[in-house]
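Undergrad: Mind looking over this structure? Questions follow.
Just so it is clear, none of the values below were taken in a lab; they were calculated from the coordinates. The shown structure was predicted, so the numbers you read here are calculated from the model rather than taken from an experiment. Every residue, glycine among them, receives a Cβ derived from its backbone with ideal geometry; neighbour counts consider all protein chains shown.
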Amino acid sequence: MLLTIKGKGMAVSEYFENIVTKKAKKLERYFKDDTEVIVMLSIEKSRHIAEVTVPFFDGILLRTEESSGDLYSSIDAALKKLERMIRRHRTRLEKDLHEKAYSYEEPVYEEEPLMGEEEAKLVRRKTYPIKPMSLEEAELQMELLGHAFFVFVSAQTGQTNVLYKRRDGNYGLLEPEYE
C-alpha cells in the first residue's frame, strides 16, 4: 500500500504523518502493495477534516471524509469508516470483478476554486475517466462514494445516464430520450 499524506492549507508535521501511517497500516490487508491511499488533512475555522481517497480499481474510488473539533478524531473516524465500507462491499466487489479488482488507472482531478461575488458560483470542477458500466456497477460506485447521485455511461445503450437516491431510500434512473 502506497500512502500519500497531504495538507490542504496547512503543513503536515512528521508527528501527524507518523500517526496517520500507524493507523493506516491496519488497511494494508485489504489492498495490494501498489494500491495508493491518499490522506488529505485540512483545518477550516474550528473544523479539522480528514479525507481518505483510494483509487481502487477500474475507475472506482473509495472515499471518506470526516470532520470534528480534533484532528486525531477525524483521522480515526475516516479510517474506520473506510474499513467498514471495504468490509461491507468486499464480497460483492470480489464476486463481480475477481482478479481485476485491484488494478486501476489513476483518475484525473481538476479543482479550480473561483474567487468572486457572494452569489452562487462554481467553486469546484472535477473530471474523471468514464467507462461503460452496468446499472449494478453504477449503484455500487455511488454507494462507495457516498453520493446522492452518479453519472455513468450505460454499457447496454452507450448513453449517459444519471442514477440517484430517492428520499424513500430507493433508486431512480434518468435516461435521455432524444427527439
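Undergrad: Just order 139-147, 154-162, 38-46 by mean Cβ neighbour count inside 10 Å, highest at the front, would you?
TA: The packing order, highest mean first, is 139-147, 38-46, 154-162.
Undergrad: To continue, here is another question. For the stretch 63-73, just list the computed ³J(HN,Hα) in residue order, Karplus coefficients 6.51, -1.76 and 1.60, θ = phi - 60°, integers in Hz, with x standing in for Gly and Pro.
TA: 8, 10, 9, 9, 9, 7, x, 9, 5, 4, 5
Undergrad: Which cross-chain or sequence-distant (5 or more) residues have an amide H under 5 Å from the amide H of Leu61, H modelled 1.01 Å from N in plane?
TA: Hits under the 5 Å cutoff: Phe56.
Undergrad: Moving on. From the phi angles alone, apply the Karplus equation (6.51, -1.76, 1.60; θ = phi - 60°) to the stretch 169-178 and give each ³J(HN,Hα) in whole Hz, x where the residue is Gly or Pro.
TA: The phi angles translate into x, 7, 10, x, 10, 9, 10, x, 10, 8 Hz.
Undergrad: Would you grab the residues whose amide H sits under 5 Å from the one on Gln159? Only those 5+ places off in sequence or on another chain, please, with H modelled 1.01 Å from N.
TA: Those lying under 5 Å, H to H, from Gln159 are Ser154.
Undergrad: What does the stretch 132-179 give for Rg and for Dmax, in Å, if only its C-alpha atoms count?
TA: Considering the stretch 132-179 through its Cα atoms, Rg and Dmax are 10.6, 34 Å.
Undergrad: Something else about it: Please turn the phi angles of the stretch 152-161 into ³J(HN,Hα) values with the Karplus equation 6.51 cos²θ - 1.76 cosθ + 1.60 (θ = phi - 60°), one per residue in order, whole Hz, x for glycine and proline.
TA: Here the 3J(HN,Hα) series is 8, 9, 5, 5, 6, 9, x, 9, 6, 10 Hz.
Undergrad: I've got another one for you. Using unit Cβ charges (K, R positive; D, E negative) and no other charged atoms, how large, in debye to the nearest 20, is the dipole of the stretch 132-174 about its Cα centre? Could you put the intermediate results ahead of the total?
TA: On the way: 3 positive and 5 negative charges, 40 e Å.
Computed about the Cα centre, the dipole is about 200 debye.
Undergrad: What lysines could a cross-link reach from Lys26, if we take a straight Cα to Cα line under 22 Å and drop same-chain neighbours fewer than 8 places away?
TA: Of all the lysines, those that pass the test against Lys26 - Cα under 22 Å, at least 8 places apart if same chain - are Lys6, Lys80, Lys81.
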